[in-house]
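Trainee: Structure provided below as structure tokens; questions to follow.
The values are calculated or read from the model by the stated rules, or taken from the named source; none is laboratory data. Predicted model, so just to flag it, every value in this text is computed and none were measured. Positions of Cβ are generated from backbone atoms using ideal geometry, with glycine treated the same way; all protein chains shown enter the neighbour counts.
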Amino acid sequence: MFTPLHAADAPDTIPAWLSDINGAQAMSWVKAQNDRTLRLLGHGPLYQGLYDKSLKLLQTHDRLALPIQNDGMIYNFWRDDRHLRGILRRTMPDSYATEHPEWTVALDLDALAAKEKRNWVYEGVDCLHSQQNLCLLHLSDGGEDARTVREFDLRTGKFVEGGFSLPHAKQDSSWLDRDTLLVSYPWTDADLTESSYPYIVKLLKRGQSLAEAQAVFTGNRKDVQVGPEVLHDGAGHQVTLIREGLDAFSSKLFLYRDGQVTPVAIPLKADVAGLFNGRLVVQLKEDWKVGTQTFPQGSVVLVDPVAATVAPQLLLAPTGKQMIEEVSTSHGHLIVTLYDNVRGRISIYTPSGTGFTHRDLPLPQNMSVDLASVDEDSPLAYAVSTGFLSPTTLWEINSDTASVQKLHTLPAQFDASDMTVEQQEVRSTDGTSVPYFIVHRRDMKLDGTNPTLLYAYGGFEVPLFPFYSAGIGNNWLSRGGVYVLANIRGGGEFGPAWHDAGLKTHRQQIYDDFASVAKDLMDRKVTSPQHLTIQGGSNGGLLMGVEFTQHPDFWKAVDIEVPLLDMMNYEHMSAGASWVGEYGTVSIPEQKAFLRGISPLQNLKPDVKYPVPFIETTTKDDRVGPVHARRFAWRMSELKLPYYYWEQVAGGHGFGASQKEIAQTQALSYAYLWSELGRTH
């Protein structure tokens, strides 16, 4: 619950009980809204066909079993019609490379949830480096960011008797050794930052209660969060770090060694990607001047965390439209994923003398490529390649020989034989060239009548790359739709500068970029306002809300997913305070004025003809939270503006916890989009 901040020209008339997320009155309102949406959208041949197809695609066995390398074996988390919550299973690398691997189940989440009568959602395992069968199993209740952490033995398939157990909370932990964890946890109710994350790291020994843990680092409530990380490099080195997050992008890094905590001299805006020959692999998010040398933002450098003198070594600096997506360690090599104008490649970097040599892997060009799994102790790694119309392919990499072998290709999930992909560019309002991809039938007529779905995110340096989606293929493209992915500013497609261009009071550039892509689609006669729909989630949900209020005449339908919509109050809602580095704060007058000017909730007007939006969220979302969506819907009802509202109870910051819940939300979304365009089946 919070006291809403509002401007004099827009008094807040939304009832406080709506912000009581699990309160009886609020949940009664949610049920009434959901019942209405199901009555209007969740019946008939259009919805049923979309639901049946979505569920079938989610549960089909014709999916790639993506690898997790651990303990010399290949693990995979798998969900289908028989394993609704999922199983964690394993096989040997040789078997994994065959068409039909022989799997052994290590954890049956359906059985565990039934036994414990809990709505468990699998959130991953963190395994001890020296004994990789011992793992910290992360479970959430319905998909929340909060976790329950329990020690699990993958070989026996059982929880470790007397093992580590960390109760439900937003938390972070790392193995220091077999009998010791570093844990960031809300040790008392007061030990949370204003962003709702823990900021005190303690040493927890096997057999100790939480009350017996010894503090090693304490941040403060103004931090975003504080957490530990233990790195290994395959050469026998171990480095223990503690990161104090100052905002969404800046943090202080500390070395924990021999019971002492000392600062690590790297820029505040930098990410540690791993450990290589005892040195930190650092991706710079800002320029770093060391002596007479300046390392540009976006580059990767190696830094000795214990050296008395800072002497970074440059590994790679991107140029032009390049960005470094990922760097990983593999058996004495570094594997670098780099994108050039939103097209990916993977290279192997190997020490040679005082520098490095590199070899590009022979993977498909003009596609998205990403590492799927890597093991610092083994030359074996895995990558995937994918495109809008190219089914995802899994590749086995040998980092010692810089060679690849195709293992598996996803069977085509829709007929793309008559479809094609283009990459276009448009000048935004300030003259900046903004690229976008457009997927369509080869015989598409440029008459402005093509049903078009435009998607973007535009924030937090998150890049959007081409990807193969059975859902989009079947539910949109195969029904004659055009799909557009816009690489607007705020994302990371061209490195940190592309993101920084839309920070805080510069954020209107992001929204102008999106509108410019829409205008270009209209100018090219691809579509028109009566045939153009848009979709985005989370920060992209805020994007949808802004476009909804700033350009209501551009869109026929607006799908607003798990959104931020009340930017005057976001800092006091769920984890909102952690995003001040992205959006700004109402405590600074200039930033408050900007937020007031773009906040979708405060900019709704009674005399404007808006498209009918679809507002969707989940009750269990403890990141953005459902209150943004609820308040926006309530305000629309006050103004007597039509809308659809859908709040799935489980699912966290997503669309549902179970496959049936996810399929239901997907079907409702597409049923909404198509029905607004006049389709009934």
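Trainee: For ILE14, only one of the following conditions fails: (1) more than 30 Å from SER574 (Cα to Cα); (2) in contact (Cβ under 8 Å) with a residue 60 or more places away in the chain; (3) surrounded by 15 or more Cβ atoms within 10 Å (Cβ to Cβ). What is its number?
Mentor: Tallying (1) more than 30 Å from SER574 (Cα to Cα); (2) in contact (Cβ under 8 Å) with a residue 60 or more places away in the chain; (3) surrounded by 15 or more Cβ atoms within 10 Å (Cβ to Cβ), ILE14 fails exactly one: (1).
Trainee: Further, regarding this structure: Just to be sure, is ALA501 touching a His at 6+ places or on another chain (Cβ under 8 Å) and surrounded by fewer than 24 Cβ atoms within 10 Å (Cβ to Cβ)?
Mentor: Values: touching a His at 6+ places or on another chain (Cβ under 8 Å): no; surrounded by fewer than 24 Cβ atoms within 10 Å (Cβ to Cβ): yes.
Against the criterion (touching a His at 6+ places or on another chain (Cβ under 8 Å) and surrounded by fewer than 24 Cβ atoms within 10 Å (Cβ to Cβ)), ALA501 does not qualify.
Trainee: How many residues, within the stretch 235-272, are over 17 Å from VAL303 (Cα atoms), within 28 Å of the chain's Cα centre (by Cα) and not hydroxyl-bearing (Ser, Thr, Tyr)?
Mentor: Looking only at that region, the number is 6.
Trainee: Take the residues of the stretch 617-644 that are in a loop (DSSP other than H, G, I, E, B), in contact with a Phe, Trp or Tyr (Cβ under 9 Å, 6 or more places away or on another chain) and free of Cβ contacts under 8 Å to residues at least 60 places away in the same chain: which is farthest from TYR670 (Cα to Cα)?
Mentor: In the first step, residues of the stretch 617-644 are kept if they are in a loop (DSSP other than H, G, I, E, B); the result is 619-626, 639-643.
Right, trim to in contact with a Phe, Trp or Tyr (Cβ under 9 Å, 6 or more places away or on another chain) and you get 624, 641-643.
Next, only the ones that are free of Cβ contacts under 8 Å to residues at least 60 places away in the same chain stay: 641-643.
Details: LEU641: 21, PRO642: 18, TYR643: 15 Å.
The selected residue is LEU641.
Trainee: Right, another one. Have a look at ASN539, ASN474 and point out the one that is at pLDDT 95 or above and either under 19 Å from the mean Cα position of the chain (by Cα) or under 30 Å from VAL300 (Cβ atoms) (or both).
Mentor: Result of the check over ASN539, ASN474: ASN539.
Trainee: Out of the residues in the stretch 344-363 meeting the condition of being surrounded by fewer than 18 Cβ atoms within 10 Å (Cβ to Cβ) and in a loop (DSSP other than H, G, I, E, B), tell me which one is nearest to the chain's Cα centre (by Cα).
Mentor: That would be PRO362.
Trainee: Just for the stretch 380-403: of the residues that are more than 21 Å from GLY72 (Cβ to Cβ) and not hydroxyl-bearing (Ser, Thr, Tyr), which one is farthest from the chain's Cα centre (by Cα)?
Mentor: Among residues in the stretch 380-403 that are more than 21 Å from GLY72 (Cβ to Cβ) and not hydroxyl-bearing (Ser, Thr, Tyr), the one farthest from the chain's Cα centre (by Cα) is ALA402.
Trainee: Being within 24 Å of ARG90 (Cα to Cα) and charged (D, E, K, R) is the filter here, so list the residues in the stretch 151-176 that pass it.
Mentor: If the condition is that a residue be within 24 Å of ARG90 (Cα to Cα) and charged (D, E, K, R), then GLU151, ASP153, ARG155, LYS158, GLU161 are the ones that fit.
Trainee: Are any of the residues in the stretch 157-169 of a type in the set (S, T, N, Q) and within 29 Å of ILE242 (Cβ to Cβ)?
Mentor: Yes, the stretch 157-169 has at least one match.
Trainee: In the stretch 504-519, is there at least one residue being in contact with a helix residue (DSSP H, G or I) (Cβ under 6 Å, 6 or more places away or on another chain), surrounded by fewer than 21 Cβ atoms within 10 Å (Cβ to Cβ) and part of a loop (DSSP other than H, G, I, E, B)?
Mentor: Taking every residue of the stretch 504-519 in turn, none turns out to be in contact with a helix residue (DSSP H, G or I) (Cβ under 6 Å, 6 or more places away or on another chain), surrounded by fewer than 21 Cβ atoms within 10 Å (Cβ to Cβ) and part of a loop (DSSP other than H, G, I, E, B).
Trainee: Does the stretch 624-642 hold any residues that are buried (at least 21 other Cβ atoms within 10 Å of the Cβ) and in contact with a Ser or Thr (Cβ under 9 Å, 6 or more places away or on another chain), and which are they? Quick ask: steps written out before the conclusion?
Mentor: Applying the first criterion (buried (at least 21 other Cβ atoms within 10 Å of the Cβ)) to the stretch 624-642 yields 624-633, 635.
Result: VAL624, GLY625, PRO626, VAL627, HIS628, ALA629, ARG630, ARG631, ARG635.
Trainee: Within the stretch 175-224, track down each residue that is among the acidic types (Asp, Glu) and either under 26 Å from PRO263 (Cβ atoms) or surrounded by 19 or more Cβ atoms within 10 Å (Cβ to Cβ) (or both).
Mentor: Taking the stretch 175-224 first, the residues among the acidic types (Asp, Glu) are 177, 179, 189, 191, 194, 212, 223.
Hits for the stretch 175-224 are ASP177, ASP191, GLU194, ASP223.
Trainee: Could you tell me whether the stretch 174-185 includes any residue that is of a type in the set (Phe, Trp, Tyr) and touching a Pro at 6+ places or on another chain (Cβ under 8 Å)?
Mentor: Yes, that holds for at least one residue.
Trainee: Sort out which residues of the stretch 527-562 are in a loop (DSSP other than H, G, I, E, B), touching a strand residue (DSSP E or B) at 6+ places or on another chain (Cβ under 7 Å) and not hydroxyl-bearing (Ser, Thr, Tyr), and write them in order of number.
Mentor: PHE554, TRP555, LYS556, VAL562
Trainee: Anything in the stretch 568-586 that is of a type in the set (Ser, Thr, Tyr) and touching a helix residue (DSSP H, G or I) at 6+ places or on another chain (Cβ under 8 Å)? List them, or say none.
Mentor: Once the filter is applied, which keeps residues that are of a type in the set (Ser, Thr, Tyr) and touching a helix residue (DSSP H, G or I) at 6+ places or on another chain (Cβ under 8 Å), the stretch 568-586 yields TYR570, SER574, TYR583, THR585.
Trainee: Going by the conditions given, is VAL580 within 22 Å of the chain's Cα centre (by Cα), touching a residue at least 40 places away in the same chain (Cβ under 8 Å) and within 16 Å of GLY490 (Cβ to Cβ)?
Mentor: yes
Trainee: I would also like to ask the following. List every residue pair whose Cβ atoms sit under 9 Å apart, with the two residues 6 or more apart in sequence or on different chains, where the first one lies in the stretch 486-499 and is in contact (Cβ under 8 Å) with a residue 12 or more places away in the chain and closer than 22 Å to PHE388 by Cβ and the second, anywhere, is among the polar types (S, T, N, Q) and assigned to a strand (DSSP E or B).
Mentor: Sorted first by the residue in the stretch 486-499, then by its partner, the pairs are PHE494/GLN322.
Trainee: Quick one: is GLY625 in contact with a Lys or Arg (Cβ under 9 Å, 6 or more places away or on another chain) and either modelled with pLDDT of 95 or more or small (Gly, Ala, Ser) (or both)? Before you say what the answer is, go through the steps one by one.
Mentor: Working: in contact with a Lys or Arg (Cβ under 9 Å, 6 or more places away or on another chain): no; either modelled with pLDDT of 95 or more or small (Gly, Ala, Ser) (or both): yes.
No.
Trainee: Return the residue satisfying two criteria in turn: it lies in the stretch 583-603 and is crowded, with 21+ Cβ neighbours inside 10 Å and of a type outside the set (Phe, Trp, Tyr), and of such residues it is farthest from GLY481 (Cα to Cα).
Mentor: Restricting attention to the stretch 583-603, the residues satisfying the condition of being crowded, with 21+ Cβ neighbours inside 10 Å are 583-584, 586, 595, 599-602.
Now narrow it down to the ones that are of a type outside the set (Phe, Trp, Tyr): 584, 586, 595, 599-602.
Numbers: GLY584: 37, VAL586: 41, LEU595: 34, SER599: 31, PRO600: 28, LEU601: 30, GLN602: 33 Å.
Ranking the candidates gives VAL586 first.
Trainee: Can you tell me which residue within the stretch 330-343, out of those that are within 28 Å of PRO435 (Cβ to Cβ) and either touching an Asp or Glu at 6+ places or on another chain (Cβ under 7 Å) or among the small types (Gly, Ala, Ser) (or both), is surrounded by the most Cβ atoms within 10 Å (Cβ to Cβ)?
Mentor: By that ranking, first place goes to TYR339.
Trainee: Is it fair to say SER574 is out of contact with any Phe, Trp or Tyr (no Cβ under 6 Å at 6 or more places or on another chain), in a loop (DSSP other than H, G, I, E, B) and within 25 Å of HIS653 (Cβ to Cβ)?
Mentor: Working: out of contact with any Phe, Trp or Tyr (no Cβ under 6 Å at 6 or more places or on another chain): yes; in a loop (DSSP other than H, G, I, E, B): yes; within 25 Å of HIS653 (Cβ to Cβ): yes.
Yes, satisfied.
Trainee: Restricting the search to the stretch 577-600, which residues are in contact with a strand residue (DSSP E or B) (Cβ under 9 Å, 6 or more places away or on another chain) and part of a helix (DSSP H, G or I)?
Mentor: The answer is SER578, and nothing else.
Trainee: Name every residue in the stretch 123-147 that is of a type in the set (Ser, Thr, Tyr) and either free of Cβ contacts under 8 Å to residues at least 24 places away in the same chain or surrounded by 19 or more Cβ atoms within 10 Å (Cβ to Cβ) (or both), in order of residue number.
Mentor: Initially, the stretch 123-147 is screened for residues of a type in the set (Ser, Thr, Tyr), giving 130, 140.
Hit for the stretch 123-147 is SER140, nothing else.
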